[in-house]
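Novice: The structure under discussion is supplied below as structure tokens; questions concerning it will follow.
The values are calculated or read from the model by the stated rules, or taken from the named source; none is laboratory data. In this text the structure is predicted, and so the values were computed from the model without any measurement. Using ideal geometry, Cβ is built from the backbone for each residue, glycine included, and neighbour counts are taken over all protein chains shown.
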Amino acid sequence: MTTEVQLSSLYQQVILEHYRHPKNKGDLEEATVTIFMENPTCGDEIRLQLRVEEDRIADARFVGSGCSISQASVSMMTQLLKGKELSEADALAKRFTELMHGDESAGKDRSLKDLRALQGVSKFPVRIKCALLGFDALEEALKRTRAGDTEEE
Ligand code: ZN
């Protein structure tokens, strides 16, 4: 599916690079939590897997299909998750959600790295769900990890 979202060409390139060559794509051996999420309005699907050791994300991988924004976003996200404490992953999800809701200070936040390329998506409400899909999966994964309820549905 092509995206009709008008983003600056530099940001468009970063997004397409992640879409064509996603980071951390594939099955994760010894995952401690697996979450499937879909965005029916666009047809995006993501299965996110984390391996959490102690209170830290030791590894993160995903498989999925859908538009470039959804797949690039989750690719960028997994890049940032490895080695993060659960509370840091929460903070990342919160910050990115703020970016999608038009918070300009989040757009200058270097901790978001490549995710900042998605800032322009905040102007297109229909596509915000695409960009947040991976983070919705992350938040559910963190919630279940804390609850000790990590059986795949
Ligand atoms: Zn989408």
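Novice: Condition (residue is touching an Asp or Glu at 6+ places or on another chain (Cβ under 7 Å) and crowded, with 22+ Cβ neighbours inside 10 Å) applied to region 68-75: is it met by at least one residue? Break it down into steps so the answer makes sense when it comes.
Specialist: Our first condition is that a residue be touching an Asp or Glu at 6+ places or on another chain (Cβ under 7 Å); within region 68-75, this holds for 70.
Narrowing further to those that are crowded, with 22+ Cβ neighbours inside 10 Å: 70.
The answer is yes; a qualifying residue exists.
Novice: Have a look at Glu38, Glu45, Glu17, Glu30 and point out the one that is within 23 Å of Gly83 (Cα to Cα), charged (D, E, K, R) and surrounded by fewer than 19 Cβ atoms within 10 Å (Cβ to Cβ).
Specialist: From the options Glu38, Glu45, Glu17, Glu30, the qualifying one is Glu30.
Novice: Please state which one of Val126, Val121 is within 16 Å of the ligand (Cβ to nearest atom), surrounded by 21 or more Cβ atoms within 10 Å (Cβ to Cβ) and either modelled with pLDDT under 95 or among the acidic types (Asp, Glu) (or both). So that I can check it myself, show each step before the final result.
Specialist: Numbers: Val126 fails: surrounded by 21 or more Cβ atoms within 10 Å (Cβ to Cβ).
Exactly one residue qualifies, and that residue is Val121.
Novice: Right, here's the next one. Taking region 38-92 as the search range and keeping residues that are of a type in the set (Ser, Thr, Tyr) and assigned to a helix (DSSP H, G or I), which one is nearest to Lys108 (Cα to Cα)? Steps first, please.
Specialist: Quick first cut of region 38-92, residues of a type in the set (Ser, Thr, Tyr) only: 41, 65, 68, 70, 73, 75, 78, 87.
Next, only the ones that are assigned to a helix (DSSP H, G or I) stay: 68, 70, 73, 75, 78, 87.
Numbers: Ser68: 23, Ser70: 21, Ser73: 17, Ser75: 20, Thr78: 20, Ser87: 21 Å.
So, considering only residues that are of a type in the set (Ser, Thr, Tyr) and assigned to a helix (DSSP H, G or I), the one nearest to Lys108 (Cα to Cα) is Ser73.
Novice: List every residue pair whose Cβ atoms lie under 8 Å apart, where the two residues are 6 or more positions apart in sequence or sit on different chains, the first residue falls within region 123-142 and is in contact (Cβ under 8 Å) with a residue 24 or more places away in the chain and under 17 Å from Gly66 (Cα atoms), and the second residue, located anywhere, is more than 15 Å from the ligand (Cβ to nearest atom) and of a type in the set (S, T, N, Q).
Specialist: Going by the 8 Å Cβ cut-off, the qualifying pairs are Leu132/Thr97; Gly134/Thr78; Phe135/Thr97.
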